[in-house]
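Colleague: If you scroll down you'll find the structure; I have some questions about it.
The values are calculated or read from the model by the stated rules, or taken from the named source; none is laboratory data. Quick caveat, the model's predicted, so the values are computed rather than measured. Here Cβ is always computed from backbone atoms with ideal geometry, including for glycine, and neighbour counts include all displayed protein chains.
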Amino acid sequence: MVPAEPRSIDGQIGCLGIWVAQLFEDDAPNFRGALVVLDVLDESLAARDDIRPSDRITHVGGVPIRGLSLSEVVLNHLRGPASSRVQLTLERSVQRQRFDVEVERILLEQAK
């Protein structure tokens with residue numbers, strides 16, 4: 001489980017307000033390697049934007065992330081300066097409803 005925390009920019013650490021993990025379950029081969037939201041911080045901007053546990057992240061900033069490692073996605077795609085925005089493409093439920101949401105990164109201290 002990895003918090004999707006952006007890198008420090010000028011001493012300010014950003015946070016999306018979500019915890020993510022990568023799926024490696026053999027019983028769900030269609031989702032193998034997918035990034036899944038495990039938890040959303042209460043009252044975070046991600047919660048306000050209706051990101052939910054079990055949502056699968058398929059793209060970050062329009063870039064497909066399938067085949068990338070968890071650390072690569074977090075370090076190179078989810079991270080960014082506090083107050084910046086990032087677009088996530090999410091899939092929800094087995095019907096694979098796909099939608100985009102733009103989330104603002106907040107200061108880590110605000111996310112606690």
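Colleague: Looking at Val94 and the list (1) crowded, with 16+ Cβ neighbours inside 10 Å; (2) at pLDDT below 90; (3) not aromatic (Phe, Trp, Tyr), which single condition is not satisfied?
Modeller: (1)
Colleague: Now for a separate question. Name the pairs: first residue in the range 62-83 and closer than 18 Å to Arg98 by Cβ, second residue among the small types (Gly, Ala, Ser) and surrounded by 16 or more Cβ atoms within 10 Å (Cβ to Cβ), Cβ to Cβ under 8 Å, at least 6 apart or on different chains?
Modeller: Here the result reads Arg66/Ala34, each pair linking the range 62-83 to a residue that is among the small types (Gly, Ala, Ser) and surrounded by 16 or more Cβ atoms within 10 Å (Cβ to Cβ).
Colleague: Search the range 63-74 for residues being in a loop (DSSP other than H, G, I, E, B) and of a type outside the set (D, E, K, R), and hand back the single one that is surrounded by the most Cβ atoms within 10 Å (Cβ to Cβ).
Modeller: Checking each candidate, the answer is Ile65.
Colleague: Out of all the residues in the range 75-91, which are modelled with pLDDT under 90 and among the charged types (D, E, K, R)?
Modeller: The answer is Arg79, and nothing else.
Colleague: Taking strands (runs of 3 or more DSSP E) that fall entirely within the range 1-62, which contain at least 3 residues that are at pLDDT 75 or above?
Modeller: 18-22, 35-40, 56-60
Colleague: Identify all residues within the range 75-109 that are charged (D, E, K, R) and part of a strand (DSSP E or B); write none if there are none.
Modeller: Residues satisfying the conditions are Arg85, Glu91, Arg92, Arg98, Asp100, Glu102, Glu104.
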